[in-house]
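Chemist: Just passing along the structure, written as structure tokens.
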Amino acid sequence: MSNMSLLTVKNLRKRFNLEAGFFARFGKFVNAVNDISFSIGKNEAYGLVGESGCGKTTTARLLVRMYEADSGQILFYDGDNAGTADTGIVDVSMLKKDALQNYREKVRYVFQDPARSLNPRMSVYEVLVSGCRKPLRKKGVKEKELREKAAAILEEVGLGAVDLEKRPSEFSGGQRQRISIARALLMEPELLICDEVVSALDVSIQGQILNLLLDISKKRNISFLFIAHDLKVACYFCDRIGVMYKGELMEEAPAAYLYKKAMHPYTKLLFSSAAGNKETACLTETGHIEKRKNTLGCSFAPRCPHALDRCRNEHPQLTEKNSGHLVRCLNLI
Ligand SMILES: Nc1ncnc2c1ncn2[C@@H]1O[C@H](COP(=O)(O)OP(=O)(O)OP(=O)(O)O)[C@@H](O)[C@H]1O
Ligand SMILES: [Mg+2]
């Protein structure tokens, strides 16, 4: 991990209308990502954690422009542009065609469900190379080299060259996730976005995939955006973690610090429900759909065991409590 930032997100927002079509009522929407700012350092694993629907996937999709942001900035440090007149920092929302393609080679997305993200009609080899044949050809890579590269990457993720001609259906869930990871690594990305990559797997297999990702992070100079709803899993893998609730960051801290000294009542609740505490787990029902008017107060106040009147009327800011430890809670700042 270094101090240099590879990706910086500033005040990112994305709102979805809940109803579409001619008869849509415009009062109903969800602030999926609500003024989020964070950065991911070079070689750093940054975790985004929170319950279902809090906006983790939307944040990740905004980063690769699968969705366009309503407002905010995504800045990427592109080493290939450094040393020229500019600083090497590119505004991702401004990228067009080739430049966007180039960025998407550096920032790769691994999806949650390998069964759905791997085309069952393709061989593993085709799955691995189909998205990157064109850019690699442009760089002068021949088909033979591409096959060698694909075989080497399969070996890196714990499979073998003999698996290249098989179909994804011949593999187990964990092995398919290894194939997804291999596909993402083929273009030698600088940032790997792992969106719930272990949550569809059995616990024992989860550990193997996490250890594989740890090996990859040690071997390659690569940063991670690691998305999970399980805070403990994220603490195991990540250097730093942002805890999301209803589209906002509620707390951000180094993982080891968060594990020992979580401050926000929501983060404590997440740890406590991960430990199977029924009393607190019952607080975890969600209700993230907002009416436009209802923007006052802390978004967690309706579920917070410590909420005061003030918490229902005043919106807390994310504030640095200790060095590198930020928290959004009126009771703590
Ligand atoms: N394409 C879309 N159209 C409308 N609403 C959407 C869309 N994508 C996400 N949402 C809504 O935005 C909110 C955030 O969703 P998102 O998928 O980002 O959450 P998440 O944290 O990834 O959840 P999960 O843990 O279930 O994957 C949810 O309320 C969701 O219903
Ligand atoms: Mg998601």
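Chemist: Report the label-to-label distance for Ser52 and Asp35 in nanometres (one decimal), using points 7 Å from each Cα along the Cα→Cβ vector.
Modeler: 2.9 nm
Chemist: If we count every other residue with Cβ under 12 angstrom of Ala60's Cβ, Lys/Arg +1 and Asp/Glu -1, where does the sum land?
Modeler: Local net charge: +3.
Chemist: Can you give the FRET efficiency to the nearest 0.05 for Asp113 and Lys166, using r as the Cβ-Cβ distance and R₀ = 22 Å?
Modeler: Step by step, r from the Cβ atoms, then E = 0.70.
Chemist: Determine, at each q value in 0.09, 0.13, 0.15 (inverse angstroms), the log₁₀ of I(q)/I(0) that the Debye formula gives when each Cα of the chain is one equal point scatterer.
Modeler: Per q value, in the given order, log10 I(q)/I(0) is -0.51, -1.04, -1.31.
Chemist: Determine by what factor the alpha-carbon radius of gyration of the range 30-152 differs from 2.2 N^0.38 Å, reporting the quotient.
Modeler: It is 1.25.
Chemist: Using Cα-Cα distances under 8 Å and only pairs 6 or more residues apart, what relative contact order does the chain have, in percent?
Modeler: Once normalised by length, the contact order is 21 percent.
Chemist: Heavy atoms only, probe 1.4 angstrom, no DNA, RNA or ligands counted: give me Ser204, Ser71 ranked by accessible area, highest first.
Modeler: Ser204, Ser71
Chemist: Of all the accessible heavy-atom surface of the chain, with the other protein chains kept in place and a 1.4 Å probe, what percent is carbon and sulfur? Let's see the in-between values first.
Modeler: On the way: 8490 of 16570 Å².
Accessible surface attributable to carbon and sulfur in the chain totals 51 percent.
Chemist: Separate question: Excluding Ala262 itself, calculate the net charge of residues whose Cβ lies under 9 Å from the Cβ of Ala262, where each Lys or Arg counts +1 and each Asp or Glu counts -1.
Modeler: Local charge sum for Ala262: +2.
Chemist: I'd like to check one number: the per residue accessible area of the chain, probe 1.4 Å, reported in Å² as a whole number.
Modeler: It amounts to 50 Å² per residue over the chain.
Chemist: Express the relative contact order of the range 26-143 as a whole percentage, based on alpha carbon pairs under 8 Å and six or more residues apart in sequence. Please list the in-between numbers first.
Modeler: On the way: 54 pairs, mean separation 15.5, N = 118.
With pairs under 8 Å counted, the relative contact order is 13 percent.
Chemist: So, one more: Between beta-carbons, use under 9 Å as the cut-off and find the net charge around Gly72, counting Lys and Arg +1, Asp and Glu -1. Can you show the working numbers first?
Modeler: Values: positive: Lys10, Arg13, Lys14; negative: Asp35, Asp70.
Taking every other residue near Gly72 into account, the sum is +1.
The values are calculated or read from the model by the stated rules, or taken from the named source; none is laboratory data. The model shown is predicted, which means the values in this text are computed figures rather than measured ones. Cβ: placed from backbone, ideal geometry, glycine included. Neighbour counts: every protein chain shown. Heavy atoms of the whole protein, side chains included, go into the accessibility calculation; ligands, DNA and RNA do not. Shrake-Rupley method; radii C 1.70, N 1.55, O 1.52, S 1.80 Å.
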